[in-house]
Amino acid sequence: MSQTAALRLPWAVSAEPFLSPDARSLLRDYYTEVADRYFELHEGRRATSEEIAEGLAEYPDDHLTPPHGVLLIARHDGAAAGCAGVRLLDERTAELKQMFVRVPYRGRGGAGGLLTAAESAAVRMGAERIRLDTRLDLVEAIALYRRRGFTEIPRYHNDIYAEIFFEKRLGG
């Protein structure tokens, strides 16, 4: 598969630079949603703009860049609608990062297309399996990963916000 994954129109997925305006906007929306959901669950409030800025500043800006990573952008009728990152943890293990579809585009097949493109990108990087972590309150994500063949595995890192871990074997 090329750097552009074919989805049913009006969707298209392609690799884009991590620092492009659309990528930055999508990653801000992603972080805002997960931070808001976390603070609403644990503190009964939304994240402040300062907390969003701090969280975004903690993300490295080179972990989703070739040759050991990629950021995929899903477009719906040309509009940036979602993203998913893939990076190599080691020679045979990829990790899915920052999987996100903006609210107006959910339920239209974009998440599945992004996941397919992410798995293909991981295979192109030489990975035999792809892992991810998420939080238990992100029930939509957990359901998607389970539907798509991911199985729960033991914790593989110590991020305090990660609560559940998944892995999927890639290829035949």
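The values are calculated or read from the model by the stated rules, or taken from the named source; none is laboratory data. All figures in this text were calculated on a predicted structure; none of them were measured in a lab. Cβ placement follows ideal geometry from the backbone for every residue including glycine, while neighbour counts extend to all protein chains displayed. Accessible surface areas use protein heavy atoms only, side chains included; no ligands, DNA or RNA. Shrake-Rupley method; radii C 1.70, N 1.55, O 1.52, S 1.80 Å.
Tabulated results
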{"read-out": "Residue in the stretch 57-74 that is in contact (Cβ under 8 Å) with a residue 24 or more places away in the chain, open to solvent by 20 Å² or more (accessible area, probe 1.4 Å) and more than 19 Å from the chain's Cα centre (by Cα) present", "value": "no"}
{"read-out": "Close pairs (6 angstrom Cβ cut-off, 6 or more residues apart or separate chains): on the phi > 0 side of the Ramachandran plot in the stretch 84-100, open to solvent by less than 10 Å² (accessible area, probe 1.4 Å) and of a type outside the set (A, V, I, L, M) anywhere", "value": "98/85"}
{"read-out": "Every pair of residues 6+ apart whose Cβ atoms lie under 8 Å, when the first sits in the stretch 128-141 and is more than 17 Å from residue 41 (Cβ to Cβ) and in a loop (DSSP other than H, G, I, E, B) while the second is open to solvent by less than 40 Å² (accessible area, probe 1.4 Å) and modelled with pLDDT of 95 or more", "value": "128/93; 128/170"}
{"read-out": "Residues of the stretch 53-78 satisfying the condition of being modelled with pLDDT under 90 and either closer than 25 Å to residue 163 by Cβ or not in a loop (DSSP other than H, G, I, E, B) (or both)", "value": "55, 56, 57, 58, 59, 60, 63"}
{"read-out": "Filter pass, residue 152 being among the charged types (D, E, K, R) and touching a residue at least 24 places away in the same chain (Cβ under 8 Å)", "value": "no"}
{"read-out": "Output for the stretch 94-109, where each listed residue is crowded, with 18+ Cβ neighbours inside 10 Å and either out of contact with any Phe, Trp or Tyr (no Cβ under 6 Å at 6 or more places or on another chain) or among the acidic types (Asp, Glu) (or both)", "value": "94, 95, 96, 97, 99, 101, 102, 105"}
{"read-out": "Any hit, the stretch 33-52, residues being within 27 Å of residue 117 (Cα to Cα), open to solvent by less than 60 Å² (accessible area, probe 1.4 Å) and not in a helix (DSSP H, G or I)", "value": "no"}
{"read-out": "Close pairs (7 angstrom Cβ cut-off, 6 or more residues apart or separate chains): modelled with pLDDT of 95 or more in the stretch 160-171, open to solvent by 90 Å² or more (accessible area, probe 1.4 Å) anywhere", "value": "163/136; 164/136; 164/152; 165/152; 165/154; 165/155; 166/152"}
{"read-out": "From 146, 124, 155, residue being touching a strand residue (DSSP E or B) at 6+ places or on another chain (Cβ under 7 Å) and of a type in the set (Lys, Arg)", "value": "155"}
